[in-house]
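Take a look at the structure set out below.
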Amino acid sequence: MVQVPFSQFFLGGQVRAAWKMADSTREALKLPEYGPEAATFYKEFGQKNGEPFWISVREVADHIDHIKNLVGIDYIGLGSDFDGVGAALPPDLADVSMFPNLIEELMRRGYSDEDIRKICSGNVLRVWKANE
């Protein structure tokens, strides 16, 4: 199984470099890593330093497409990293309430209902059951 992460640290080359620079700046300013103050800092940093600074649900779907083309739909899951990457999440996929944005993007790309069920839960449940 490949659990597709949502973090900009993992999915975006240019974005990753921008985030590393932002994190260094945030740390130098002694700002917290999480919370409203951090969110404001990152938003302003992106505006001041130009794009690309944010990935979107489209890049997450691009990685799902890539894995599907490499090994097939039966080996894809979601690894959101909601609990470990702080603010480095796409603004349109920053928490579980935004999963419909990803589902909509996959549907737009022609994924079937069954494909989406596999990605969202079916594949990981199949693997867990096989390993019990």
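Just so you know, all these numbers are worked out from the coordinates, no wet-lab data involved. Since the structure is predicted, the reported quantities are computational estimates derived from the model, not experimental observations. Glycine gets a Cβ as well: all are built from the backbone with ideal geometry, and neighbour counts include every protein chain shown.
Would you mind stating whether L29 is of a type in the set (A, V, I, L, M) and surrounded by 12 or more Cβ atoms within 10 Å (Cβ to Cβ)? Criteria not met by L29.
Taking segment 1-32 as the range and being over 18 Å from the mean Cα position of the chain (by Cα), within 14 Å of A87 (Cβ to Cβ) and part of a loop (DSSP other than H, G, I, E, B) as the test, the residues that pass are L31, P32. One residue stands out in segment 75-113 among those that are of a type in the set (S, T, Y) and surrounded by fewer than 13 Cβ atoms within 10 Å (Cβ to Cβ): the one that is farthest from the chain's Cα centre (by Cα), namely S112. Residue pairs whose Cβ atoms lie under 7 Å apart, separated by 6 or more positions or on different chains, with the first residue in segment 16-33 and farther than 14 Å from A88 by Cα and the second of a type in the set (G, A, S), are L31/A38.
Is one or more of the residues making up segment 57-74 outside any helix (DSSP H, G or I), surrounded by 12 or more Cβ atoms within 10 Å (Cβ to Cβ) and either acidic (D, E) or on the phi < 0 side of the Ramachandran plot (or both)? There is no residue in segment 57-74 that is outside any helix (DSSP H, G or I), surrounded by 12 or more Cβ atoms within 10 Å (Cβ to Cβ) and either acidic (D, E) or on the phi < 0 side of the Ramachandran plot (or both).
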